[in-house]
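What follows is a short report on a single structure.
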Amino acid sequence: MPQVKIIAKNFMDMVASLPEFKLDQLYENTFICEAVLRSLPALGKKYVLQLLFIEKPVPAKAIEEWLLSNGVSKHRVAIDRLVQLRVFREIIDRKKDISYILNTKFQSNLQKYIVKGGVLPGEPMPSSITVRLPTLEELDAYALEQWECFLRQLISSSQAERPTNFSSSMMTIFQRGLLSQRDKEAPRLTVHGFQFLLMDTNAQLWYIIREYILNSEVRGVDTADLISFLLELSFHVSGEAYNINTLNEFQRNVIKDLADLGLLKLQQGRKESWFIPTKLVTNLSVTLSDSSSRKQGFVVVETNFRTYAYSTSKLHCEILRLFS
């Protein structure tokens, strides 16, 4: 996979970049605290759990005494991440000695979670109300189809196999660096747009989600509220149905946008409507950088420049057509 200029890291990098007051606002949500804990390096998790019920600052030198001789570099990485996420507050005294104390809101919520146990963000709807739900295999196929349709729309709306009605939020993301348009000309892929098509699915997904979050304030949506809701969705169970009527208007709008991408599937019953999370949304809180979504294929280029591709993906064919 070639190196690209678009940086596609993970959700916690976005969380760490928030202003201090927004991070503290996020830590009022137990699910955010749990997601942050899961994302930490192993040594970072150990430090959080060891300090979870300590109310006073702990000297940095005391923490360093817990280390083995070969653990210094991992210790530095863990401490840096904890400070970036404001899980640790750094305190420097008059003698320039450093101590660390847990963020009080993060600590309080995590204590409740450890002592009382976690709860699901929402109860799935009973099977007596919902119609036949898709199997996990059908849900995976649906998510892939929606995502590929989204990418085909990026390549050329006229080449998409079926008409698509993406929201203005999604179309704005297209315009943020992936497409350019001059006067009355048809939109064209930018350099970053070409690079985006060469990313693996996880990197593409994170780029879109990141731009969706960055564009939220333009739509009058608070960034912290959006991140909080997205991370809550990652704790839902893939394949289960959840009532849309329990969501507020802002959350229902987000649900519709995510359904465009294949992160959720929407279904309508006689009286109720519901959404079904796919694996794309339940994996949002983990690092989206693995290569599990890459598929092996074969492209043959003859000396006369004729090109043959062996693929069952219409998206791959469109990308190859674009580059050749």
| query | Restricting the range 84-94 to residues that are open to solvent by 50 Å² or more (accessible area, probe 1.4 Å) and under 19 Å from residue 27 (Cβ atoms), which is nearest to the chain's Cα centre (by Cα)? | reply | 84
| message | Looking at residue 221 and the list (1) touching a strand residue (DSSP E or B) at 6+ places or on another chain (Cβ under 9 Å); (2) open to solvent by less than 60 Å² (accessible area, probe 1.4 Å), which single condition is not satisfied? | response | (1)
| message | With the structure loaded, tell me whether residue 269 is open to solvent by less than 60 Å² (accessible area, probe 1.4 Å) and either farther than 19 Å from residue 129 by Cβ or modelled with pLDDT of 90 or more (or both) or whether it fails that test. | response | no
| query | Taking the stated definitions as given, is residue 138 charged (D, E, K, R) and assigned to a helix (DSSP H, G or I)? | reply | yes
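The values are calculated or read from the model by the stated rules, or taken from the named source; none is laboratory data. Bear in mind that the values here come from a model prediction, so they are computed numbers and not experimental data. No Cβ is skipped: glycine too gets one built from the backbone with ideal geometry, and neighbour counts run over all protein chains shown. To get the accessible areas, we keep the full protein, side chains included, count just its heavy atoms, and leave off ligands, DNA and RNA. Shrake-Rupley method; radii C 1.70, N 1.55, O 1.52, S 1.80 Å.
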